[in-house]
Amino acid sequence: MSKEVPDHHDAELSLKVYDLRREAVMRDSRNAINRDFWPRTYEDLVAVTKPDHPLNAPFRQTSTYWEMVYNLVRHGIVHGEFFMESHGEGLFLYARMAPLVERFRQEYSPVAFRNAEWVAQHTAAGKRLFEMFSARVQKVLESRQA
C-alpha cells in the first residue's frame, strides 16, 4: 500500500539515496553509463553484460542501484510522488533500455528493470520523467546516426 503523504522518514531515505549517489565509485559508474551507454540493438545491450566489457561494472552498479531505489517506491516504503521528484535519473537509463527490455527479460534476466518500469507507469512524476527522457534518448540516438 502506498503512503498517502510524505513524512520525515521519506525525507531521510531520500537524502540517504542522494548521499549514496555521491560515493566516488557510484558517481564514476553513473557518469560512465550516462555518457557512454547508448544501446541501439539487443546485441549492444547484451555486450555490456559480458565481464570483459569496459562498461560491465558501471552498468551492473548503476542498474542495480536504481532498481534497489525504485523498489522502495514500488513497495510503498517511501511516498512515490515525493521520492520521484528528486530521483528520476534511473529513468534516464530505463528509457534507453525500454525498447530492449522484454527480450532481455526473456533471454537474460526475468526481473530486469521491473522497478524502474513500475515507477514509470504508476507514479505521475515517473510518467512525466520517462516521457521526457525517452524523447531525449530518441534525439541523441538520431543525432548519433547521422
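The values are calculated or read from the model by the stated rules, or taken from the named source; none is laboratory data. All values derive from a computational prediction rather than experimental measurement. Every residue, glycine among them, receives a Cβ derived from its backbone with ideal geometry; neighbour counts consider all protein chains shown. Just the protein is used for accessible areas: all its heavy atoms, side chains included, with ligands, DNA and RNA removed. Shrake-Rupley method; radii C 1.70, N 1.55, O 1.52, S 1.80 Å.
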Looking at Pro39, Pro51, which one is touching a residue at least 24 places away in the same chain (Cβ under 8 Å) and farther than 26 Å from Ala124 by Cα? Pro39
Out of the residues in the range 68-110 meeting the condition of being hydrophobic (A, V, I, L, M, F, W, C) and assigned to a loop (DSSP other than H, G, I, E, B), tell me which one is least open to solvent (accessible area, probe 1.4 Å). Val78
Please count how many residues of the range 49-64 are buried (at least 19 other Cβ atoms within 10 Å of the Cβ) and over 13 Å from the mean Cα position of the chain (by Cα). 0
Would you say Phe133 is over 13 Å from the mean Cα position of the chain (by Cα), assigned to a helix (DSSP H, G or I) and surrounded by 15 or more Cβ atoms within 10 Å (Cβ to Cβ)? no
Between a first residue in the range 116-128 that is touching a residue at least 12 places away in the same chain (Cβ under 8 Å) and under 10 Å from Met84 (Cα atoms) and a second residue that is of a type in the set (Asp, Glu) and part of a helix (DSSP H, G or I), which pairs have beta carbons less than 9 Å apart while being 6 or more apart in sequence or on different chains? Ala120/Glu131; Thr123/Glu81; Ala124/Glu81; Ala125/Glu81; Gly126/Glu81
Filter result (over 11 Å from Phe104 (Cβ atoms), within 17 Å of the chain's Cα centre (by Cα) and open to solvent by less than 50 Å² (accessible area, probe 1.4 Å)) within the range 36-47: Phe37, Trp38
Run Arg21 past the list (1) under 23 Å from Arg144 (Cβ atoms); (2) of a type in the set (Lys, Arg); (3) surrounded by fewer than 21 Cβ atoms within 10 Å (Cβ to Cβ) and report the number of the one that doesn't hold. (1)
